[in-house]
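One structure is given here, and the rest of the page talks about it.
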């Protein structure tokens, strides 16, 4: 019996949470996968019920890394939360900074200078590249190819982190963006260094793809595994590479055209089957598009200030009101929803975490598969627990 | 895309008796929203999702808010097929103590499943019709809702490794308070 048949039989409506009955003698083995399981990317637990090796129930358990970030942000000024956003998705601090800065800029109506927009795009796409490279590396690692593919990815990531360090002073906790611009300007040397790094990235993607894309074991383990249908993906709020792997053309860089993304020429790769293999392949293709955007941005970057001269960075009190700002982070739609009551702190500070919401359909994707495939399906979602639990 | 006023009249035309109120947003973002009466919220949500012109098939973000006199939930809706949005709908509870039920929109949009659980956990809004309403981030035996403005943090005394007079005094006060309030009668459970 294939997975879809099982699901159609047991579901009352196509968007209801999936259920499965045991086909055997009714005796289920319950396994707590995590919070220390090496494949859970941090402290995360899945309570899995198994019939033999087949998954018949899977309940994710969250909260091991919960520190009530949203509450902490309500107690401090707008600027004071900026370094804290680095710790959300700590693989991609730049895009977290960006989403938060965008929301505050919407709330206060601030403009961002041209050069700062270019720097944001350059750093954002470098972030996307290293996120996709390492997430593929982790996925392959979980498939059993210990070390080597992951280290290939980390070798490139290291070059990008060196660029971050040179510009911002930190490899990961960059605290780079400000409301109305960026904290420091990039020197001509930095831009030259970045051009050199970007020029070498295409070779890495080619190599990575040649090693992996037609690998027999990878294909056997991932094709047809963890299929996510497009209607369910949209209904369940799945975003980012996962949504596009299911064949839904929705990239916020294209849809909203925030910042200056409407100026760049890039394509949105789409998957056909929505399985683990498509999610892997989409990330490879998105890395190529990122390189294209990086080359255009590094060519066109204008001179000028990186902070708007009228920008209010600290000590400002936005008018009462609210704003929702969202960007296409490497993991999906990252949004910040801010409500101001006219004070110097936000009255409500809400993060829309793509990692958490992409896990909504984890059970649906895993039902009927072997327990060994759960590790791959979970890995293909690409989450970071700092963002899931906040 | 239709303006908020047009969406309001479209809802009122499609669902007779639906109480929809326009909430204007004075901030430069200009994101105005619609306040729905909880009784008609599920019907309105279904209309917003299935209407051919609006096609708001993607519920992006669900936020809980603790206002001084009520609790509120805000839903940010987008359309993947039409590529427009956001349309913002909100509902509020009668008060913030005993009448905190709101209808769940999880049957309309699955993406609300975890987000409504989180709001139930951190704000204490009870979503009727939610398929699996459990705490999401705090442990099951936890009492209280940490995101509420009047939440009092536990006066944990454990961080100081060497106990001396001051710490011991605080520890005793903590113990008394715990026993008095019933918060944290038991530690984290495995459930």
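A few points about this structure:
Matching residues to (1) surrounded by fewer than 22 Cβ atoms within 10 Å (Cβ to Cβ); (2) over 30 Å from residue A:157 (Cβ atoms); (3) more than 23 Å from the chain's Cα centre (by Cα):
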{"residue": "A:45", "(1), (2), (3)": "yes, no, no"}
{"residue": "A:57", "(1), (2), (3)": "yes, yes, yes"}
{"residue": "A:83", "(1), (2), (3)": "yes, no, no"}
{"residue": "A:90", "(1), (2), (3)": "yes, no, no"}
{"residue": "A:108", "(1), (2), (3)": "no, yes, yes"}
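- Counted residues, the range A:55-76 - those being within 9 Å of another protein chain (Cβ to nearest Cβ) and more than 17 Å from residue A:388 (Cα to Cα): 1
- Failed criterion for residue B:168 (all others in (1) more than 12 Å from the chain's Cα centre (by Cα); (2) within 14 Å of chain A (Cβ to nearest Cβ) hold): (2)
- Of everything in the range B:125-158 that is at pLDDT 90 or above and more than 13 Å from chain A (Cβ to nearest Cβ), the residue that is surrounded by the fewest Cβ atoms within 10 Å (Cβ to Cβ) is B:128.
- In the range B:109-124, residue nearest to the chain's Cα centre (by Cα) [restricted to those that are part of a loop (DSSP other than H, G, I, E, B) and more than 8 Å from chain A (Cβ to nearest Cβ)]: B:123
- For the range A:336-388, the tally of residues that are on the phi > 0 side of the Ramachandran plot and either within 13 Å of another protein chain (Cβ to nearest Cβ) or part of a helix (DSSP H, G or I) (or both) stands at 1.
- Test: residue in the range A:237-244 that is away from every other protein chain (no Cβ under 14 Å) and either surrounded by 17 or more Cβ atoms within 10 Å (Cβ to Cβ) or in a loop (DSSP other than H, G, I, E, B) (or both): yes
- Residues of the range A:139-171 satisfying the condition of being in contact with a helix residue (DSSP H, G or I) (Cβ under 6 Å, 6 or more places away or on another chain) and in contact (Cβ under 8 Å) with a residue 40 or more places away in the chain: A:139, A:140, A:142, A:143, A:149, A:153, A:156, A:159, A:167
- Leading residue by the ranking (farthest from residue B:57 (Cα to Cα)) among those in the range B:78-108 that are within 14 Å of chain A (Cβ to nearest Cβ) and within 15 Å of the chain's Cα centre (by Cα): B:92
- Within the range A:258-269, restricting attention to residues that are assigned to a loop (DSSP other than H, G, I, E, B) and buried (at least 18 other Cβ atoms within 10 Å of the Cβ), the residue that is farthest from the chain's Cα centre (by Cα) is A:264.
- Of residues in the range B:159-182 being over 19 Å from residue B:143 (Cβ atoms) and assigned to a loop (DSSP other than H, G, I, E, B), the one modelled with the highest pLDDT: B:164
- The strands (runs of 3 or more DSSP E) found entirely in the range B:4-74 that carry 3 or more residues being within 12 Å of chain A (Cβ to nearest Cβ) are B:58-66.
- Unique residue being under 27 Å from residue A:378 (Cα atoms), surrounded by fewer than 15 Cβ atoms within 10 Å (Cβ to Cβ) and more than 13 Å from chain B (Cβ to nearest Cβ) when the list is A:300, A:272: A:272
- Residues in the range A:102-118 that are touching a strand residue (DSSP E or B) at 6+ places or on another chain (Cβ under 8 Å) and either free of Cβ contacts under 8 Å to residues at least 24 places away in the same chain or within 14 Å of chain B (Cβ to nearest Cβ) (or both): A:102, A:103, A:104, A:105, A:106, A:107, A:112.
The values are calculated or read from the model by the stated rules, or taken from the named source; none is laboratory data. Quick caveat: nothing in here was measured; it's all calculated off a predicted structure. Virtual Cβ from ideal backbone geometry, glycine too; neighbours counted across all protein chains shown.
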